[in-house]
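The values are calculated or read from the model by the stated rules, or taken from the named source; none is laboratory data. Fair warning: this is a prediction, and the values are worked out from it, not measured in the lab. Here Cβ is always computed from backbone atoms with ideal geometry, including for glycine, and neighbour counts include all displayed protein chains. Calculation scope for accessible area: heavy atoms of the full protein, side chains included, ligands and nucleic acids excluded. Shrake-Rupley method; radii C 1.70, N 1.55, O 1.52, S 1.80 Å.
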Amino acid sequence: MTEDIVKKYQGYQLYGNWLKDLNPLNKINVWLVIGVTAMVFKDWRFGAAAIAAYLLLAAYLGIFRSFIKMFSVCVVFLGVFMTVTRVFIHRNEGDSLFQVFGFSVTDAALENGLDMSAFLLGFSGALFLLFLTTPMRDIMLALEQKGWVKPSTSYIVLVSFKTITELTNNMRTILESQKARGIETEGNLWVRFKSAFPTISPMVLGAISYTEEKCISMESRAFANEKGHTYLRLFRPVPVWEKVFVAFVDVACVLGMAWAIYAKITGIM
């Protein structure tokens, strides 16, 4: 077991998938460029193709369940809501397609709503794939090694993300503990209000203790030292094919965005 842990940190940190193994900064480049392209096109047909591609990529990367769980919420709260809103706003434009509760849905209004939904979902899908395939620690480490952020900034960002998760778990544990002690934590608004103080107090004390432990850990590891830090995680050198792939995606997306802008100006789209 000890040998496995040592071997894990002796080599480069790889996930066994060529797309996941891209350098974190290159992954940010690829996914954000694709997402911005979907926003520039702002066309429901391109948006539908992008969403289908996102689903296929999520299945290929082995994150389909996590992706669909996050993306479905985005579809309901952004896609459907935006489509209905735009259909109502532009209800007097175009020809009527059908009636819903006496309300006429026109072709122009429906297309406008779908285009806006594609605008939002196309970017959101790329953003979800970025964070599902790239841990925040990899992003901050890559930025730190490039010299774009300080170690203290990297630490603050990572601790902030981790604290949210830990406070959520602590809150759940505290609620279960208070229930076991006979304190009612479920019911009407007054019952919840009475249970707020005995529930929040342990969480605040735990957060203070957690902060103190982190400060002690940082001091024991000489975190404030001005000299270069050592890292357990190492990124592999960026191979030539990866540079070519990223450049190809950038050029293709830039050409696509240029064509989309030209098509909108000339009225082709």
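Which residue pairs have Cβ atoms under 9 Å apart, sit 6 or more places apart or on different chains, and have a first residue in segment 218-233 that is in a helix (DSSP H, G or I) and a second that is modelled with pLDDT of 70 or more and open to solvent by less than 80 Å² (accessible area, probe 1.4 Å)?
Going by the 9 Å Cβ cut-off, the qualifying pairs are Met218/Tyr155.
Every residue in segment 14-41 that is modelled with pLDDT under 85 and over 21 Å from the mean Cα position of the chain (by Cα), please.
Gly16
Kindly provide the set of residues from segment 93-121 that are among the small types (Gly, Ala, Ser) and buried (at least 19 other Cβ atoms within 10 Å of the Cβ), ordered by number.
Ala109, Gly113, Ser117, Ala118
How many residues does segment 36-92 hold that are open to solvent by 80 Å² or more (accessible area, probe 1.4 Å), part of a helix (DSSP H, G or I) and among the charged types (D, E, K, R)?
Looking only at that region, the number is 3.
Going by what's in this entry, would Asp95 be described as over 20 Å from the mean Cα position of the chain (by Cα) and either under 30 Å from Lys20 (Cα atoms) or touching a residue at least 24 places away in the same chain (Cβ under 8 Å) (or both)?
no
Can you list residue pairs whose Cβ atoms sit under 8 Å apart, with the first residue in segment 34-45 being more than 12 Å from Leu114 (Cβ to Cβ) and the second being of a type in the set (Phe, Trp, Tyr) and assigned to a helix (DSSP H, G or I)? Count only pairs 6 or more apart in sequence or on different chains.
Note: pairs meeting the criteria are Gly35/Phe123; Val36/Phe123; Ala38/Phe46; Ala38/Phe119; Ala38/Phe123; Met39/Phe119; Met39/Phe123.
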